[in-house]
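**Q** One structure, as structure tokens, below. Some questions next.
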Amino acid sequence: MKLLLLGYGKMGKAIEQIALKRGHGIAYKIDKANSALLPSIRGDEVEVAIEFSQPEAAYQNIYRCISQNIPVISGTTGWLARKEELVQYCREKDGTFFYAPNFSIGVNIFFQVNAFLAQIMDTSPNYTPQLEETHHTEKEDAPSGTAIALAEAIIKNSSRKKRWVNTASQQEDTLSIISKRAPDVPGTHTVTYISSTDSLEIKHTAHSREGFALGAVLVAEWIQGKKGVLTMEDFLNKRF
């Protein structure tokens, strides 16, 4: 498989290492220094693009891939206000666009546990949910895309929580997300339900970026020949 890497930071380099180990080739590596090259890359030169860039670059990167008939997988967060535009454009072009806030298989299992737990805990109003995420200091957006996905699942399955804020809040209808940044932390997410008598906690801790990178490469292998707007739910349901 010939890959186009959009974004060649820590995640891009980790994806490259995993892809090469699995026998794939890297046709192009695009970052800020050579971004002008992207419009000239043809759909027959690469089989899949994997996009882990910056929030300000993600929309245009994905748009270019769809317009050039290159299946594109993206894990960049912090730009999602315009995601629906790309969903519509992909459908108009009969393209292939796969987005996930997190490609770790463990995190996506964690998503399912979180949603199920939120349903159960909604019957116990004396417990208050709270979410905390910690990432490396180079991460530009806060809260993380993973934290937002966890928060939205809690809100969807809660009769009491209607919105989230990225700070501590005492409002009954508001879910607090506490964002922390520390050197060399790949990502830790904790959901806690707190009452006056006890606390219940579920937690996912990434030990390295390898799990995220492997997930992205596995999706790239799976997505070949597929069309449409796809998610990790599609991938996991078909794979497992």
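The values are calculated or read from the model by the stated rules, or taken from the named source; none is laboratory data. In this text, all values refer to a predicted model and were calculated from it rather than measured experimentally. Glycine gets a Cβ as well: all are built from the backbone with ideal geometry, and neighbour counts include every protein chain shown.
**Q** Pick out the one residue from Lys139, Lys161, Lys93 that is within 29 Å of Ile223 (Cα to Cα) and more than 21 Å from the chain's Cα centre (by Cα).
**A** Criteria check complete, one pass: Lys93.
**Q** Given the structure, is Ile154 part of a strand (DSSP E or B) and either assigned by TED's automatic domain parsing to the domain that holds Trp79 or among the aliphatic types (A, V, I, L, M) (or both)?
**A** Numbers: part of a strand (DSSP E or B): no; either assigned by TED's automatic domain parsing to the domain that holds Trp79 or among the aliphatic types (A, V, I, L, M) (or both): yes.
No, not satisfied.
**Q** If Thr190 passes every condition in (1) closer than 30 Å to Asp44 by Cβ; (2) of a type in the set (Val, Ile, Thr); (3) surrounded by 16 or more Cβ atoms within 10 Å (Cβ to Cβ) but one, which one does it miss?
**A** Unmet for Thr190, out of (1) closer than 30 Å to Asp44 by Cβ; (2) of a type in the set (Val, Ile, Thr); (3) surrounded by 16 or more Cβ atoms within 10 Å (Cβ to Cβ): (1).
**Q** Which fully enclosed strands (runs of 3 or more DSSP E) of the stretch 1-99 have 1 or more residues being surrounded by 15 or more Cβ atoms within 10 Å (Cβ to Cβ) and among the hydroxyl-bearing types (Ser, Thr, Tyr)?
**A** Values: elements: 2-6, 25-30, 48-51, 72-74, 96-99.
Correct list: 25-30, 72-74, 96-99.
**Q** Turning to a different aspect of this structure: Taking the condition farther than 23 Å from Glu56 by Cα, aliphatic (A, V, I, L, M) and assigned to a strand (DSSP E or B), does Leu175 pass? Write out each step before concluding.
**A** Numbers: farther than 23 Å from Glu56 by Cα: yes; aliphatic (A, V, I, L, M): yes; assigned to a strand (DSSP E or B): yes.
Yes; evaluated as a whole, the condition is true for this residue.
**Q** Go through the stretch 117-149 and count every residue that is over 13 Å from Thr77 (Cβ atoms) and surrounded by 16 or more Cβ atoms within 10 Å (Cβ to Cβ).
**A** Residues flagged as over 13 Å from Thr77 (Cβ atoms) and surrounded by 16 or more Cβ atoms within 10 Å (Cβ to Cβ) within the stretch 117-149 amount to 11.
**Q** Also, I was wondering about something else. Filter the stretch 190-229 for residues that are polar (S, T, N, Q) and either part of a helix (DSSP H, G or I) or within 14 Å of Leu117 (Cβ to Cβ) (or both) and give the result. Let's see the steps before the verdict.
**A** Our first condition is that a residue be polar (S, T, N, Q); within the stretch 190-229, this holds for 190, 192, 195-197, 199, 205, 208, 224.
Answer for the stretch 190-229, where residues must be polar (S, T, N, Q) and either part of a helix (DSSP H, G or I) or within 14 Å of Leu117 (Cβ to Cβ) (or both): Thr190, Thr192, Ser199.
**Q** Could you count how many residues in the stretch 188-207 are at pLDDT below 95 and over 13 Å from Phe110 (Cα atoms)?
**A** Count: 1.
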